[in-house]
Amino acid sequence: MADSAATEVRKTAISALVAAETISVLGTRMTYLALPWFVLVTTGSPSKMSLVLAAEILPMAILGVPSGAVVQRLGSRTTMLVADFARAPILASIPILYSAGALDFWLLLAIVALLGAFAPPYFAAQRTILPELVGEDETRMSQANSSIEGGNALAALIGPVLAGALIPFLGASNVLYVDAATYLVAFLLVLLFVPARKAIAGAAEHGVLAGLRFLASDKLLGPLALTVTAFGFLGAGMSAGLPVYAYDEFDGHSWIAGLFYAALGAGAVVGSVLAIFVVKRVAPLRLAAFGIIAFSIPLWALPFLPPWPIVFAALFLATLFTPFVNGPTLGVMTSRTPVELRAKVMAAAISANTLAAPLGFLVAGQVLERWGVVPLFTAVVLGITWMAIVFAAIAWRHDDAEPAVAAEPAAL
């Protein structure tokens, strides 16, 4: 009976995590379209739009590593609660200030930077709480990660379409109120349904940089982290190009931009359903190697600026394979990391992913301003294809590696 009750608690907690993240991402994906669209409409400048996107990402890179120490000190659940509760008023301040005529561009940059500062600890906490709920089995962690990826993908499908439909009626700035509300809903779900866990004692003695040192010392995770850094740079370029492409080439129709982002979510939704079952039958790293190559191929349609239905199909097919990469890779990363270092390693991985993104946004903004979307998309697709080959080679080489734990790094 006790085992049955514990199982039900775990299922409820995982369901609450998936629901909280899905609702939060729903609003975030609406903002993902509404915020750059707002800047494009009010300034007409792709470079300023890219600067706003960079301002949101930069704190994620700078604060990613220290955020691991915050997660270990506060605990995963408390960190998630603090992050969601704080982000709601921060985001709501943008439309409030805009309505009051007090939203200068420098103030917008400061607000989105503050908003971005809460993302790394939230993401690290969300992942590090999973082993406490499902245990240490690599396959079960991969399945739980894939379930979260599926919730994220579902929200990514609905959010942009909803934003694209609402922007003409509410205005881009007012859509941000919806996102602010989703953070509060996510806060309540975690507060009520995810059980409190004791923070890992003594974790801080490993030092703030322990996660980075562990990644650097691991023969698999270190090289993968470097490729993830490159993907952060290239992905930022594609993210900056999509709304500009829709705005310039399709007469400023926000619904087309919404469909582009919806395609990213739709592919990931279908892929997540498939990944939950496939991870039971295919070794995680082998699946990730296949997924990353398959992801890169459809993107070759973008430099040719085809009609929007073809762009939709290409983005859908590409992101169909992202859950085959993300869930298994995160599962392997978690299983290879000592329990007391997981929060810091996850935070370091987030930093690797976001480290080059601000530069990617800034470079993309200049390319868009000077030469347009064709050179940008061409460079991005070439880079993604090459890095996909590198990632797959690393993953395939370590396909038979045991989920062993490396020696603990010395304290700072």
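Could you work out how much longer the chain between L191 and S217 gets when fully extended? Use 0.36 nm per residue separation minus the Cα distance between them, nm to one decimal.
Here the segment from L191 to S217 would lengthen by 5.7 nm.
Taking the Cα of A110, stepping 7 Å toward and past its beta carbon, and measuring to each backbone N in the range 35-52: which are under 14 Å?
none
On C-alpha positions alone, give me the angle between the axis of helix 46-74 and the longest principal axis of the chain, in degrees, nearest 10.
Between the helix axis and the principal axis of the chain, the angle is about 20 degrees.
For the range 164-178, take each phi angle, set θ = phi - 60°, evaluate the Karplus expression 6.51 cos²θ - 1.76 cosθ + 1.60, and give the result in whole Hz per residue in order, putting x for glycine and proline.
x, 7, 7, 3, x, 9, 9, x, 4, 5, 6, 4, 5, 4, 5
Using the alpha-carbon atoms, what tilt in degrees (0 to 90, nearest 10) does helix 284-296 show relative to the longest principal axis of the chain?
Helix 284-296 and the main axis of the chain meet at about 10 degrees.
Place a +1 charge on the Cβ of each Lys and Arg in the chain and a -1 charge on the Cβ of each Asp and Glu, then give the dipole magnitude about the Cα centre in debye, rounded to the nearest 20.
340
Quickly rank 249-262, 154-167, 102-115 as a protection proxy: mean count of other C-beta atoms within 10 Å, highest first.
On the way: 249-262: 19.8, 154-167: 22.9, 102-115: 16.1.
In decreasing order of mean packing, 249-262, 154-167, 102-115 become 154-167, 249-262, 102-115.
How far, in nm, would the chain grow between F169 and A102 when pulled straight, counting 0.36 nm per residue and subtracting the alpha carbon separation?
Between F169 and A102, full extension yields 21.9 nm more.
Testing the spin-label approximation: label points 7 Å from Cα along Cα→Cβ at V273 and S15. State their distance in nm.
Here the modelled spin labels are 2.0 nm apart.
Here are some values of log10 I(q)/I(0) by the Debye sum over Cα atoms at q = 0.08 Å⁻¹: [x] -0.40; [y] -0.67; [z] -0.46. Which one was computed from this structure?
Calculated log10 I(q)/I(0) by the Debye sum over Cα atoms at q = 0.08 Å⁻¹: the matching label is [x].
Taking the simple approach of a point 7 Å from Cα along Cα-to-Cβ for both K280 and R397, what is their distance in nm?
3.4
At 1.4 Å probe size, with every protein chain present, just tell me what the per residue accessible area of the chain comes to in Å². Don't skip to the answer; put the middle values down first.
Values: 16520 Å² over 412 residues.
With all protein chains present, the chain gives 40 Å² per residue.
Grab the beta carbon distance between T385 and H253, set R0 = 30 Å, and tell me the FRET efficiency rounded to 0.05.
Efficiency at R0 = 30 Å is approximately 0.50.
How much of the accessible area of the chain, probe 1.4 Å, is carbon plus sulfur, in whole percent? Can you show the working numbers first?
On the way: 11600 of 16520 Å².
Answer for the chain is 70 percent, counting heavy atoms of protein chains only.
Using amide H atoms built in the peptide plane, which far-off residues or other-chain residues are under 5 Å from A356 H to H?
Result for A356 returns F233.
Per-residue HN-Hα couplings for the range 247-259, Karplus 6.51 cos²θ - 1.76 cosθ + 1.60 at θ = phi - 60°, whole Hz, x for Gly and Pro?
5, 7, 8, 10, 6, x, 7, 5, 5, 6, 4, x, 5
Quick one: helix 322-335 against the long Cα principal axis of the chain, what's the angle to the nearest 10°, folded into 0 to 90?
Value to nearest ten degrees: 30.
Would you work out the charge dipole size for the range 191-331 about its Cα centre, treating the Cβ of every Lys and Arg as +1 and the Cβ of every Asp and Glu as -1, and quote it to the nearest 20 debye?
780
The values are calculated or read from the model by the stated rules, or taken from the named source; none is laboratory data. The structure presented is a predicted model; accordingly, all values stated were derived computationally and were not measured. For neighbour counting, all protein chains shown are included, and Cβ atoms are generated from backbone atoms with ideal geometry for every residue, glycine included. Heavy atoms of the whole protein, side chains included, go into the accessibility calculation; ligands, DNA and RNA do not. Shrake-Rupley method; radii C 1.70, N 1.55, O 1.52, S 1.80 Å.
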